[in-house]
Amino acid sequence: MQSRASLLSLTLVCLVSLALAPSVALAQDEAGIAGNVQDDTGGILPGVTVEARSPALIEQVRTVFSDGAGNYQFINLPSGTYSVTFTLPGFSTIVREGVVLSGAFVAEVDASMNVGGVEETVTVAGTAPLVDVRTTRQQSVMPSERVNVLPGAAGIRSAAAYVPGTVLGEGDNNRSNLPSLHGSDPLDGQPAVDGIKTGGQLQGRNEWSAGVGTVTNEAMVTEIVFDTSSQSAEYAQSGVRTNIVPKAGGNEYAYNLFLQGTTGRFEWDNQNQALKDLGFEFAPVDYRYSFNPAAGGPIIRDKLWFFASMIENRNKSFVLDQFWDPAQPSTPDSIREMCGDGSCSPEQLRAWSGSANGNYNVRITHQLTQRNKLTWSYFQEPKSSVAAFNTGGRRIGPEAWYTFNGHPTVMATGRWTAPITNRLLVEVHGSFMQADVNTTPVDHGEPRMAKIDVAQNTEYNSSFQNHHNHDFHRRINASISYVTGSHNFKAGINFANNRTALAYSPPGDIFAGYFFNGWPIGILVGGNGAERQGIIQDCDCGVYVQDAWTMERLTVNAGFRFDWFQNSVPGGTRAAGFFAPELTTPDPVVENIPNWRNYSGRFGFAFDLFGDGSTAVKASAGRYVANEGTGLTQGFNPIYPYDMLDWRPWTDLNGDGTALNPDGTPQVNEVGPSNNPNYGTSIIQTQYDDTLRRGTNWEYSAGLERQLGAGWALSAMFHRRSYANFNWEDNLNTSVADWMMAGTWTGPTDPDLPPNAQGVRIPIYVTRPGIDIQTGNDRLTNDPHRWRTWNGFEVIVDGELPRGGFMTGSITAGTTTDHRCAHGILENPNRMRFCETRMPYRPMGKLSGALPLPGDFMVSGLLQIFPGRPISASYTINTTDFPGLIVGDVDDANPTLGVELIEPGTVFEDYTTELLIRFSKTFTTGDIRTRVYMDASNLFNRARVTDRNRGWGGGGIKNPDFNRIISIIDGRQLTWGVQMYF
């Protein structure tokens with residue numbers, strides 16, 4: 001209870017500090033205008049009234065005054081087009097038109113005022129500023145105009161493809177396909193909606209997709225902001241921070257209707273003849289469509305606005321190289337009835353997956369007074385998928401898929417914004433989100449055990465099932481900003497208190513049976529997980545201060561942040577199961593695991609090289625903490641379902657290939673004893689190292705931004721990331737002294753392997769005679785021999801094309817070094833091989849944009865040049881390969897040891913080029929504007945490989961599916977759509 005008292009005390013201190021200490025900087029992805037005011041002789045003009053006007057402001061106009069240095073600043077401005085007016089008695093009024101803001105861009109707008117009459121007004125329409133000479137924060141911003149005209153930009157994941165340097169799906173445990181760039185950890189880049197972090201399930205490090213924000217509602221988007229580098233002290237993590245800024249309505253009623261869809265008849269087969277000769281069948285999209293209406297406008301003009309929208313998505317797609325088995329009860333009835341007599345062709349037996357999801361939201365913006373604005377939002381995002389699967393390099397049969405249901409998934413948010421004075425801004429916003437996730441097996445008609453063959457790298461019979469997760473997220477962010485013309489100072493707090501509860505109950509309490517070339521070798525069993533067991537994220541909190549100080553042409557950005565992360569485990573009861581007895585734990589089981597307190601600094605500068613706002617030299621350095629969920633804490637809950645998994649020997653006595661009876665009970669006589677003496681007891685099997693530190697990384701960037709001319713800008717930057725404080729579980733029952741080198745094993749000389757992987761000689765270590773390594777006595781500690789770095793560069797060119805078009809081109813290249821040798825140095829020397837890997841520089845390029853053509857036609861698209869993914873090949877050694885193999889358990893009759901044949905970072909898939917293009921035509925009839933378009937994806941009809949079976953085999957037997965392709969990108973596909981604005 002002491003920790004909760006400490007949490008309350010810190011929260012109160014933070015709130016009091018905010019009330020007493022004024023501060024400032026950019027609010028959640030909202031931009032600014034800043035500059036300097038002089039007379040026509042170059043003299044400083046203090047006290048000038050500066051007004052910013054835009055329809056994007058519900059109050060229509062904001063006012064500040066230039067300070068003693070002639071500087072002024074607007075902060076917290078929503079995206080839109082602004083005019084800036086400068087007024088001072090005795091001088092002509094200056095009006096600067098056409099200042100466009102997006103994301104967190106700070107537009108530099110200077111003014112030179114001439115002596116003149118009050119009635120004199122000079123309107124200036126100069127070149128729009130494109131270089132931010134005041135901040136070091138790097139962003140890519142996609143306003144709604146670009147989201148609507150660029151193909152594929154409507155999806156939060158697919159839109160990331162337009163960001164220079166981003167890649168999707170890379171990194172450990174990146175099950176949500178989050179973007180990463182410049183060597184960032186994708187799990188540090190959790191998504192946000194209106195500045196509210198939504199993220200995934202609390203389990204692990206939020207790698208499982210859940211929550212609001214994964215389904216993008218195109219009609220609700222004002223802009224999508226991607227923070228890519230040099231994030232301020234407002235944020236604990238680096239990585240690609242994605243924020244959807246929703247629409248708020250306006251003083252004019254507006255309605256949208258977006259429709260999009262396609263069918264298999266508009267997709268081309270991109271398989272080559274070699275794939276077809278292997279038995280592959282064309283696997284197109286069967287259908288995909290979306291329905292997306294929206295409406296917004298005034299309830300009371302200049303006072304109360306509303307916006308509401310919804311989207312419904314449906315799709316069904318055939319899956320490459322997967323076929324229904326009519327004899328399987330999980331096969332759809334229509335296929336079983338049609339093909340039960342064996343008369344169907346492979347094309348008729350193609351397996352499919354499908355999904356249905358939606359997003360419904362309503363948003364109310366209320367200007368209570370001239371200085372108080374409230375915004376309320378409600379989101380509901382149901383999602384489900386039929387036959388969802390995650391291969392991860394393993395071939396998974398259709399009967400081993402599972403269904404996913406994410407409902408209810410809801411989020412309610414509230415925001416209060418109050419410019420108390422022309423210099424002081426207060427902002428508070430909070431949210432509550434419930435995100436439930438449920439998985440069930442495809443309908444087998446009887447209980448089944450999942451089967452995994454470690455030599456053939458396959459999974460079949462059944463899969464991940466009966467998982468029921470219940471998440472509650474509560475967040476509050478508050479800040480006070482104080483701005484003068486020269487200073488932009490801000491302080492704030494982030495507070496999150498979350499809770500997760502999980503139930504997991506596979507048939508017979510058996511997670512999976514494991515095989516070696518079809519021969520049973522072991523089984524993973526668990527406790528009775530039918531009742532939900534919880535973990536509490538007591539505090540994912542932060543306090544920060546930062547300032548941007550402008551001194552003539554130099555702006556220094558500095559910040560400091562304190563992060564507090566604390567989890568605890570409540571008590572509960574686990575009912576008796578087949579392998580573990582009933583157990584009731586006290587409340588709380590543990591507290592303060594972890595209880596991290598981290599201090600991080602951020603520093604950077606931007607220098608206006610020529611003093612005209614055209615060129616900025618920038619450099620920054622910052623320390624960030626790793627994003628965390630509840631995964632680290634679950635090992636300290638003895639009744640948590642996933643912490644109850646236990647490896648057991650398995651002998652298939654009756655030869656039926658399963659450890660389950662037809663009624664779902666386990667065949668306990670086939671399952672051997674545990675090697676963990678504490679299994680099923682109240683003893684927490686993992687010791688917590690009180691010195692365990694939270695994962696951190698340093699990010700560095702330096703470079704130049706230059707406005708090349710009207711509408712064109714260049715950015716050339718160097719980036720570096722350095723990661724440290726990785727954690728691992730050290731088995732205290734063993735050390736490297738328990739192992740000895742027993743000889744050398746020679747790998748296969750298979751021509752299907754690259755030359756550097758043929759006949760490799762690998763030293764084999766076995767446990768010394770009499771050593772029996774038991775489990776259940778681990779220590780969670782920092783990995784003293786683990787670090788990772790990324791070094792690289794990026795060049796970006798942005799420009800305006802004729803007739804209002806635009807273009808972005810980029811080249812990105814970098815190298816990663818990953819050192820992970822602790823397991824080999826401290827525990828099992830077999831893991832020393834390839835424990836340090838280096839990925840070479842492999843550039844990638846992107847070119848995107850849109851070009852309006854005569855007759856209201858437009859062509860837009862994205863060209864990407866990808867380096868191929870690394871190629872690997874695993875081999876599972878057993879006693880046939882290496883007699884005398886013992887890897888810790890003297891009672892294990894079927895020991896195995898997995899090794900890599902290909903040195904990581906030496907062999908890759910080929911480079912590939914992908915082109916996504918849209919042809920559109922706009923029609924205007926009265927107040928109705930309609931855009932009709934056709935998207936052509938993968939225009940070159942490439943067959944880029946995204947996954948292969950990487951298991952060569954084992955026991956001297958080659959896996960017949962080794963190197964067989966599991967998935968490729970879709971072939972050339974036409975999608976049709978209509979966008980209506982009225």
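The values are calculated or read from the model by the stated rules, or taken from the named source; none is laboratory data. Please read all numbers here as calculations on a predicted model, not as lab measurements. No Cβ is skipped: glycine too gets one built from the backbone with ideal geometry, and neighbour counts run over all protein chains shown. Note: accessible area is taken over every heavy atom of the protein model, side chains too, but ligands, DNA and RNA are not part of it. Shrake-Rupley method; radii C 1.70, N 1.55, O 1.52, S 1.80 Å.
Things to note:
- Extreme residue, most open to solvent (accessible area, probe 1.4 Å), among residues of segment 257-303 that are within 26 Å of Val319 (Cβ to Cβ) and aliphatic (A, V, I, L, M): Leu278
- Candidate set: segment 546-589, residues that are of a type in the set (A, V, I, L, M) and under 30 Å from the mean Cα position of the chain (by Cα); chosen: the one nearest to Ser486 (Cα to Cα): Ala548
- If the condition is being in contact (Cβ under 8 Å) with a residue 40 or more places away in the chain, aliphatic (A, V, I, L, M) and open to solvent by 40 Å² or more (accessible area, probe 1.4 Å), then segment 404-423 contributes only Ile420.
- Check on Phe603, outside any loop (DSSP other than H, G, I, E, B) and closer than 30 Å to Gln707 by Cβ: yes
- Odd one out for Gly613 among (1) open to solvent by less than 20 Å² (accessible area, probe 1.4 Å); (2) outside any loop (DSSP other than H, G, I, E, B): (2)
- Positions within segment 617-634 being out of contact with any Leu (no Cβ under 7 Å at 6 or more places or on another chain) and assigned to a strand (DSSP E or B), in sequence order: Lys618, Ala619, Ser620, Ala621, Gly622, Arg623, Tyr624, Val625
- Just one of the listed residues (Ile639, Ile684) is touching a Phe, Trp or Tyr at 6+ places or on another chain (Cβ under 7 Å), in a loop (DSSP other than H, G, I, E, B) and within 28 Å of Asn469 (Cα to Cα), and it is Ile684.
- Across segment 815-874, the qualifying residues are those that are part of a strand (DSSP E or B), out of contact with any helix residue (DSSP H, G or I) (no Cβ under 9 Å at 6 or more places or on another chain) and of a type in the set (A, V, I, L, M, F, W, C), and the one among them that is farthest from Arg768 (Cα to Cα) is Phe857.
- Residue check, Glu337 part of a loop (DSSP other than H, G, I, E, B), open to solvent by 30 Å² or more (accessible area, probe 1.4 Å) and under 21 Å from Trp401 (Cβ atoms): no
Residues checked against (1) outside any loop (DSSP other than H, G, I, E, B); (2) closer than 27 Å to Val556 by Cα; (3) open to solvent by 10 Å² or more (accessible area, probe 1.4 Å); (4) at pLDDT 90 or above:
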| position | (1), (2), (3), (4) |
| --- | --- |
| Ala128 | no, yes, yes, no |
| Val131 | no, yes, no, no |
| Arg134 | no, yes, yes, no |
| Val141 | yes, yes, yes, no |
| Arg146 | yes, no, yes, yes |
| Pro151 | no, no, no, yes |
| Ala160 | yes, no, no, yes |
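- For segment 893-911, a tally of residues being assigned to a strand (DSSP E or B) and modelled with pLDDT under 90 returns 0.
- If you go through segment 801-835 and keep only what is of a type in the set (A, V, I, L, M) and under 30 Å from Ala742 (Cβ atoms), you end up with Ala822, Ile825, Leu826, Met832.
- Hey, Thr879 within 30 Å of Trp739 (Cβ to Cβ) and touching a Pro at 6+ places or on another chain (Cβ under 7 Å) or not: yes
- Scanning segment 765-784 for residues that are within 14 Å of Arg693 (Cα to Cα) and of a type outside the set (Ser, Thr, Tyr), we see that the one that is surrounded by the most Cβ atoms within 10 Å (Cβ to Cβ) is Asp783.
- Among residues of segment 268-314, those that are of a type in the set (S, T, N, Q) and touching a strand residue (DSSP E or B) at 6+ places or on another chain (Cβ under 6 Å), counted: 4
- Residue within segment 486-493 that is assigned by the TED database to the domain that holds Ile335, out of contact with any strand residue (DSSP E or B) (no Cβ under 7 Å at 6 or more places or on another chain) and assigned to a loop (DSSP other than H, G, I, E, B) present: no
- Among the residues making up segment 918-938, those that are under 28 Å from the mean Cα position of the chain (by Cα) and more than 23 Å from Pro854 (Cβ to Cβ) are Ser937, Asn938.
- Count - residues of segment 391-430 that are within 20 Å of the chain's Cα centre (by Cα) and under 30 Å from Ser479 (Cβ atoms): 3
Let's see how each residue does on (1) of a type in the set (S, T, N, Q); (2) open to solvent by less than 40 Å² (accessible area, probe 1.4 Å):
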{"residue": "Tyr544", "(1), (2)": "no, yes"}
{"residue": "Glu552", "(1), (2)": "no, no"}
{"residue": "Phe560", "(1), (2)": "no, no"}
{"residue": "Gly571", "(1), (2)": "no, yes"}
{"residue": "Ala575", "(1), (2)": "no, no"}
{"residue": "Glu582", "(1), (2)": "no, no"}
{"residue": "Thr585", "(1), (2)": "yes, yes"}
{"residue": "Asn592", "(1), (2)": "yes, no"}
{"residue": "Asn595", "(1), (2)": "yes, no"}
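- Val907 out of contact with any strand residue (DSSP E or B) (no Cβ under 6 Å at 6 or more places or on another chain) and of a type in the set (A, V, I, L, M, F, W, C): yes
- When Asp110 is tested against the conditions (1) in contact with a Pro (Cβ under 9 Å, 6 or more places away or on another chain); (2) at pLDDT 85 or above; (3) open to solvent by 20 Å² or more (accessible area, probe 1.4 Å); (4) not basic (Lys, Arg), the lone failure is (1).
- Flag if Phe464 is under 30 Å from Tyr875 (Cα atoms) and either open to solvent by 10 Å² or more (accessible area, probe 1.4 Å) or in contact with a Ser or Thr (Cβ under 7 Å, 6 or more places away or on another chain) (or both): yes
- Search result, residues across segment 877-892 that are within 23 Å of Gly951 (Cα to Cα), open to solvent by less than 30 Å² (accessible area, probe 1.4 Å) and in a loop (DSSP other than H, G, I, E, B): Asn878, Phe882, Leu885
- Residues of segment 364-394 that turn out to be at pLDDT 85 or above and either assigned to a strand (DSSP E or B) or of a type in the set (Lys, Arg) (or both), as a count: 18
- Top-ranked residue in segment 365-383 [being of a type in the set (S, T, N, Q) and open to solvent by 40 Å² or more (accessible area, probe 1.4 Å); ranked as farthest from Asn251 (Cα to Cα)]: Gln380
- Residue among Tyr504, Tyr482 that alone is touching a residue at least 40 places away in the same chain (Cβ under 8 Å) and more than 30 Å from Tyr544 (Cβ to Cβ): Tyr504
- Residue count for segment 746-757, restricted to those that are open to solvent by less than 60 Å² (accessible area, probe 1.4 Å) and under 30 Å from Arg788 (Cα atoms): 4.
- Residues being out of contact with any Ser or Thr (no Cβ under 8 Å at 6 or more places or on another chain), touching a residue at least 24 places away in the same chain (Cβ under 8 Å) and exposed (fewer than 14 other Cβ atoms within 10 Å of the Cβ) - total across segment 914-935: 2
- Taken over segment 396-438, the residue count meeting the criterion of being of a type in the set (D, E, K, R), assigned to a strand (DSSP E or B) and either modelled with pLDDT under 85 or farther than 28 Å from Gly169 by Cβ (or both) is 2.
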